[in-house]
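Enquirer: Quick one: this structure, given as C-alpha cells, is what I'll be asking you about.
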Amino acid sequence: MTSDIGKGTSYPLGATLTASGVNFSVHSKSCSAMELLLFDHVDDIKPARVIRLDGDTNRTFHYWHVHVNGARAGQVYAYRCDGAYLPEHGMRFDNQKILLDPYGRAVAVPRLYDREAAARPGDNTPYAMKSVVADLSLYDWEGDAPLRHPFNKTIIYEMHVGGFTQHPTSGVSENMRGTYRGLIEKIPYLKDLGITAVELLPVFQFDPQEAPPGLTNYWGYNPVSFFTPHLGYGSTQSPIEVLDEFRDMVKALHRADIEVLLDVVYNHTAEGGDNGPTFCFRGLENPAYYILESRPPEAKNRSHYANFSGCGNTLNGNHAVVRRMILSSLRYWVEEMHVDGFRFDLASVLSRDTEGHPQADPPILWDIETDPVLSGTKLIAEAWDAAGLYQVGSFFGDHWKEWNGRFRDDVRSFVKGDPGKTGTYAKRFLASPDIYGYRNREPEQSINFVTSHDGFTLNDLVSYNTKHNEANLEGNRDGHNENLSWNCGVEGPTDDPAVERLRIKQIKNFLTINVLAFGVPMILMGDEVRRTQLGNNNAYCQDNEISWFDWSRLTQHADIHRFLKKLIQYRKSLPARKDTKLSLNEVIARAKVRWHGPVLDHPDWSQDSRTVAFTIETPDKWYHLIFNAYWEPIHFELPRVPAAFKDWNRHIDTHEPSPGDIGIAVPVSGRRFYAVQERSTVVLTANRKSISG
C-alpha cells in the first residue's frame, strides 16, 4: 500500500472529508474483492488510479474502507466489485461494471452516458455515472431552517421542477429553464397563488434513459442515488454547484414562507428487473438491496426480482442495511438540505418484509416514525403499492398523513353525476370519517386531491372520456383505463361555447370541493391555468410541451387562475382550529353539521340523489354549502339564521361567470330558497351582527 493510502474506517459510510484527505467506506458482505476508482474527469475512458482494497487491512466485518490522503472535494470516484455471478442464488457481481457509491452526495454524468452499456457484457467505464466527493460544510444557509407549518394551515402544490419553467413562455432565460434556479424566478407566482408548500416530483438523481426508445424519463421515479439532487435540474453540469443550486432553491422558498416537500422513491431503483442495468446496488450486494423471489417450477431459484413497485424490482426496505440507508437519506435531506417533508411513493412497499409479505409492525416504518430528526417533518404516504396492497385508512403509525385516493375517486364520481355517490361524497368532504374516524386521528390525516401527476390533469378530466397515450409509444396500453372522467359532450378540445362553459363550471366545482373540504388540499401544477396533456394520463416519458407548464395559458384562462387564488384566500380566512389535537370525530361533533337536501334537514342519500347541502353553525358565523351535481336547476331551502345574525351572503357560485363566481359578497336577503343551477356549487355565509365580513 502506497504512502498516501491509509486503512480508513468503516464509519461513516460514503466519502467523508477529513483533515488530510477523504475516507471512503462501502458495504458489501459477499464480494471477494473491491476496487476504488479515482478519475480526473467523468468522461475519462479509464480511471486515473485504481486502489485495490485489501481484504484484511481495508475490511471491517462487511464494510470495505480506505483513506486517500490528499483527496478533496470534487474528486470523481466509483467502485468495482468482484464476486460470484450466480443469479439463481441472488448473486450478480460483475467486475467490469462501474458502481456508484450508495451514500454518495453528488453524481457526475458523462457526455456519453448509456443505460444499455450497464446492462450488456463488458466494461462500461466511459458510459457510466460516477460519484463525486462533496464538501457540504461550506454552504451559508444564512439562518435558514425548516418552516414546520402546521398541517391545518397547509396547502400543497404538486409540481415538477423541470416542467415548471421549461416552456419558452415561462419568461425564464434559456439557460435557466427547467432548473432549480428557474424555479426560484417563479416563486413570486407561487406566493401570489397562495399555496404554502410545494411537493416536488422526484429530485433524487434518476436515469432519464429509462423510457421507450426516443423518449426521456420525465417524472424521475427511478432513482440511482438516494442522497444526490438530480444533475439535470442544474443550470450547470458541475455536481458540486448543483448542490448549491438546490439549497439556494430551498432557502428562497423558505424566505417566501413556502415549505419544500420531496416525493421520494424508496420502493425500487432504476436498475430494473432480471435483465436490467447494474449501476450500484445490484453490483454491491444484490440480495440485501432487493426482494428476490423464486417462481415455479424453480422453487429455489432466486434470480427473479419481486415487482411490488410495478417497475421491475422492489427495494428490500426492511433489510438492516437498506433500513439504515433509507433513514440516513431522510436525515440527510432534513439536516443538510433543509427540506420540510416527504411524500413516499408506493409507501406500502415499505410495510413488506424481506420476503415480500405485509407485516403489522414494519421495522423501517418504526424507524422513520420514531426518529428524533424527523419528528417535526411532514410525512405523507401513498398508502398502496402496485401489487394490490391498499392501506388507505390503515397505514402504519401516528405520524403519517395519507394521500386519500378514495377522496379523488368519490369526488370525481359525484361531480360527474354518477348515481349512488351522494353519501360517500359527503363523507369525503368531511375528511372521510368512515376511513379515519376509528383511529381518532386529526382531520389532516386525509391529503385531499382530485388530480395528481399520475393521471389526467383537471382540464383533461373534464375534456376526455378515455386516455390518449399514443405518444408514449406503448400502443395506448399504459396508464389507467378507469379515470372517472367525463368530456362534457365532446372528446378533446372544442370551440363549442356550451361545452366550454360546462367544463369551466366543472373545473370550478372540483377546485371548490378540493380546497374547502376538511383535510389538507393538494393542487396539481397548472390546473389553475387548465394545463392539458392532450388526454395523456401517464406522461412519465413526455419531457416536452405535453407536460410542461405553458405560461401563455395564464392569460387565456385568467378566470380559473383568479378563481383558485380567491378560493385559497377564502380557505385561509376561515377560523383556524385552535386545538390541533382534536380528532376528526371531535371536530365534526363541534362543527354542528346539519345535513339537507333541497328540503331542510331532509338529506337524500338514495341511489338517485345527486344533491346534498349542509350547514355548519359556529358562534360567530354560519356556513351553508350546496352541491348540485344534477343536470337541471334545483331550488334549495335555506336555513333561517338567528336574530343576532345578518342574513345570508353568497361568496361562491360556480355557475356565475368571473368575477361574480367568487370573491364578491352578494346579499341573499329575505329568500327562503336559492336556485342552484345545474352542476353547480354554492357557498353562503351569515355573520353575527357584531362581526364584519
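Enquirer: Suppose we filter region 481-504 for residues that are within 24 Å of the chain's Cα centre (by Cα) and exposed (fewer than 13 other Cβ atoms within 10 Å of the Cβ); how many remain?
Expert: Number satisfying all stated conditions: 2.
Enquirer: Just to confirm my filter: which strands (runs of 3 or more DSSP E) fall fully inside region 597-693 and include at least 3 residues that are aliphatic (A, V, I, L, M)?
Expert: The strands (runs of 3 or more DSSP E) meeting that bar are 611-617, 662-667, 680-687.
Enquirer: Considering only region 574-581, I want to know if a residue exists there that is outside any loop (DSSP other than H, G, I, E, B) and under 20 Å from PHE429 (Cβ atoms).
Expert: No, region 574-581 contains no residue that is outside any loop (DSSP other than H, G, I, E, B) and under 20 Å from PHE429 (Cβ atoms).
Enquirer: Could I ask something else about it? Kindly indicate the residue of region 270-306 that is in contact with a Gly (Cβ under 7 Å, 6 or more places away or on another chain) and assigned to a loop (DSSP other than H, G, I, E, B) and also nearest to MET91 (Cα to Cα) among those meeting that condition.
Expert: ARG302
Enquirer: Still on this structure: Just the residues that are touching a Cys at 6+ places or on another chain (Cβ under 8 Å) and over 14 Å from VAL529 (Cα atoms), please, taken from region 496-505.
Expert: VAL499, LEU502, listed by residue number.
Enquirer: Taking helices (runs of 4 or more DSSP H) that fall entirely within region 178-269, which contain at least 2 residues that are under 16 Å from GLU336 (Cα atoms) and touching a helix residue (DSSP H, G or I) at 6+ places or on another chain (Cβ under 7 Å)?
Expert: 239-255
Enquirer: Go through (1) more than 27 Å from the chain's Cα centre (by Cα); (2) closer than 26 Å to GLY214 by Cβ; (3) buried (at least 20 other Cβ atoms within 10 Å of the Cβ) one by one and return the number of the condition GLY122 breaks.
Expert: (3)
Enquirer: Would you mind finding the one in ILE195, ILE258, ILE240 that is touching a Phe, Trp or Tyr at 6+ places or on another chain (Cβ under 7 Å), at pLDDT 95 or above and not small (Gly, Ala, Ser)?
Expert: It is ILE195.
Enquirer: For GLY492, are the conditions met, namely being part of a loop (DSSP other than H, G, I, E, B), out of contact with any helix residue (DSSP H, G or I) (no Cβ under 7 Å at 6 or more places or on another chain) and either polar (S, T, N, Q) or closer than 21 Å to LEU346 by Cβ (or both)?
Expert: No; evaluated as a whole, the condition is false for this residue.
Enquirer: Need at least 2 residues that are surrounded by 20 or more Cβ atoms within 10 Å (Cβ to Cβ) and on the phi > 0 side of the Ramachandran plot per element, so show me which strands (runs of 3 or more DSSP E) inside region 1-80 make the cut, counting only ones lying wholly within it.
Expert: Because the criterion is at least 2 residues that are surrounded by 20 or more Cβ atoms within 10 Å (Cβ to Cβ) and on the phi > 0 side of the Ramachandran plot, no strands (runs of 3 or more DSSP E) in region 1-80 meet it.
Enquirer: Further question: Where the second residue is part of a loop (DSSP other than H, G, I, E, B) and at pLDDT below 95 and the first is under 16 Å from ALA306 (Cβ atoms) and lies in region 346-373, which pairs have Cβ atoms under 7 Å and are six or more apart or on separate chains?
Expert: SER351/PHE396; PRO362/PHE396
The values are calculated or read from the model by the stated rules, or taken from the named source; none is laboratory data. Just so it is clear, the structure is predicted and the values come from calculations on it, not from any experiment. Ideal geometry is used to build each Cβ from the backbone, glycine not excepted, and the neighbour counts take in all protein chains shown.
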